[in-house]
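Working notes, structure below.
Taken together, the values in this text are just the output of simple stated rules run on the coordinates, not laboratory data. Keep in mind that what you see is a predicted model, and the values were worked out from it rather than measured. When we count neighbours, we look across all protein chains shown, and the Cβ atoms used for this are built from the backbone with ideal geometry, even at glycine.
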Amino acid sequence: KIPPTVREIAKYLGLSTRTVTSHLKKLRELGIITFRIGKKRRVSRGLKITTNVLLYRQ
């Protein structure tokens, strides 16, 4: 299965790509996820969850 792009995550959650990118950056800094920079996309489909996390919206 191919991991989702930032745009796909944002659309699914009803959030802006800027908000999703900000949260992904924090998760990356914590070592929870990794992602690769793509040539045609700012963040490629290389998003990989490395730890079990609970996702929730407040």
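So for Thr34, Thr17, fewest C-beta neighbours within 10 Å to most, what's the order? Please list the in-between numbers first.
Details: Thr34 12, Thr17 16.
With the fewest neighbours first, Thr34, Thr17 line up as Thr34, Thr17.
Under a 5 Å amide H cut-off, with hydrogens placed 1.01 Å from N, Ile33 pairs with Arg28, Thr50 among residues at least 5 apart or on other chains.
Cβ-to-Cβ counts within 10 Å put Glu8, Glu29 in ascending order as Glu29, Glu8, the fewest first.
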